[in-house]
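What follows is one structure encoded as structure tokens, with my remarks underneath.
The values are calculated or read from the model by the stated rules, or taken from the named source; none is laboratory data. Being a predicted model, the structure only gives us computed values, none of them experimental. All Cβ positions, glycine included, derive from the backbone under ideal geometry; neighbour counts span all protein chains shown.
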Amino acid sequence: MCREESPRGAAHAVERRTVDKPTHRVEFEAMLLGRHLQPGASRARRGGGHLDRSAYTLLSRIRMEGPMSIGQLSDAFGLDASTLNRQTAAMLRAGLVERIPDPDGGIARKFRITGAGEDSLDAERAANISGLERVMADWSPDEVAAFAAYLKRFNGDIENLDGRPWPRP
């Protein structure tokens with residue numbers, strides 16, 4: 001009796017074969033990492049936090065660079081001005097940023113982090129770090145340092161290909 005493999009079974013066989021290649025394993029693990037970093041899921045595991053991913057990322061960049069205009073944010077993130085207008089409007093309403101005249105005398109107004117924005121960013125980062133410390137509790141300091149170095153290299157290579165390097169402390 002000949003048994004045909006179902007389309008689902010065939011897809012799983014292909015999936016198993018492709019994850020044998022290192023770049024496919026990286027893609028798969030990156031997909032899972034993205035799932036773990038989804039705002040709702042990560043907050044539930046961390047037990048706190050209130051910044052969405054866009055606010056966390058924008059506030060982090062503004063903290064590193066200083067006040068930034070929509071145009072500068074667009075260049076830094078490769079996003080449309082309309083997307084950034086929605087995201088910064090939400091941050092303005094939440095009191096996380098304020099609009100200020102360009103400190104260098106330019107025409108464009110810039111976004112600066114408020115005290116509440118600084119506090120929220122610090123609290124979110126502390127919750128993230130606490131969560132990472134729980135996840136990596138059984139890792140040696142050398143393993144954590146090696147993982148951080150690989151992530152920095154990986155992110156740096158992406159930034160170089162994209163032409164948008166991220167400032168680092």
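How many residues are on the phi < 0 side of the Ramachandran plot, part of a loop (DSSP other than H, G, I, E, B) and free of Cβ contacts under 8 Å to residues at least 24 places away in the same chain when one looks only at the range 91-106? Can you show your working first?
Narrowing the range 91-106 to residues on the phi < 0 side of the Ramachandran plot: 91-94, 96-104, 106.
Keeping just the survivors that are part of a loop (DSSP other than H, G, I, E, B) gives 94, 96, 101-104, 106.
When the remaining residues are screened for being free of Cβ contacts under 8 Å to residues at least 24 places away in the same chain, the result is 101, 104.
Count: 2.
Conditions tested, residue by residue: (1) under 15 Å from H50 (Cα atoms); (2) over 18 Å from the mean Cα position of the chain (by Cα); (3) of a type outside the set (S, T, N, Q).
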{"residue": "I70", "(1), (2), (3)": "no, yes, yes"}
{"residue": "S74", "(1), (2), (3)": "no, no, no"}
{"residue": "A89", "(1), (2), (3)": "no, yes, yes"}
{"residue": "I100", "(1), (2), (3)": "no, yes, yes"}
{"residue": "D104", "(1), (2), (3)": "no, yes, yes"}
{"residue": "T114", "(1), (2), (3)": "no, yes, no"}
{"residue": "E124", "(1), (2), (3)": "yes, no, yes"}
{"residue": "A146", "(1), (2), (3)": "no, yes, yes"}
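Checking the condition more than 20 Å from L51 (Cα to Cα) and surrounded by 13 or more Cβ atoms within 10 Å (Cβ to Cβ), which residue from N155, N128 passes?
Numbers: N128 fails: more than 20 Å from L51 (Cα to Cα).
Only one candidate passes the filter, namely N155.
Could you please give the count of residues in the range 43-66 that are surrounded by fewer than 17 Cβ atoms within 10 Å (Cβ to Cβ), part of a loop (DSSP other than H, G, I, E, B) and modelled with pLDDT under 90?
3
Collect the residues in the range 155-169 that are in contact (Cβ under 8 Å) with a residue 60 or more places away in the chain and either touching a Cys at 6+ places or on another chain (Cβ under 6 Å) or in a helix (DSSP H, G or I) (or both), keeping them in residue-number order.
Within the range 155-169, just D162 meets the criteria.
Here's the yes/no breakdown for (1) in the same structural domain as P169 (by TED's automatic domain parsing); (2) in contact with a helix residue (DSSP H, G or I) (Cβ under 8 Å, 6 or more places away or on another chain):
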residue: S60; (1), (2): no, yes
residue: S69; (1), (2): no, no
residue: F77; (1), (2): no, yes
residue: D80; (1), (2): no, yes
residue: R86; (1), (2): no, no
residue: G95; (1), (2): no, yes
residue: P103; (1), (2): no, no
residue: S130; (1), (2): no, yes
residue: F147; (1), (2): yes, no
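So which of E118, E124 is under 21 Å from W166 (Cα atoms) and touching a residue at least 60 places away in the same chain (Cβ under 8 Å)? Break it down into steps so the answer makes sense when it comes.
Values: E118 fails: touching a residue at least 60 places away in the same chain (Cβ under 8 Å).
Being under 21 Å from W166 (Cα atoms) and touching a residue at least 60 places away in the same chain (Cβ under 8 Å) holds for just one of E118, E124, which is E124.
Just for the range 107-138: of the residues that are of a type in the set (A, V, I, L, M, F, W, C) and assigned to a loop (DSSP other than H, G, I, E, B), which one is farthest from L92 (Cα to Cα)? Don't jump to the end; show me each part of the working.
Keep residues of the range 107-138 that are of a type in the set (A, V, I, L, M, F, W, C), which gives 107-108, 111, 113, 116, 121, 123, 126-127, 129, 132, 135-137.
Cutting the leftovers down to assigned to a loop (DSSP other than H, G, I, E, B) gives us 107-108, 136-137.
On the way: I107: 20, A108: 16, M136: 35, A137: 37 Å.
Among them, the one singled out is A137.
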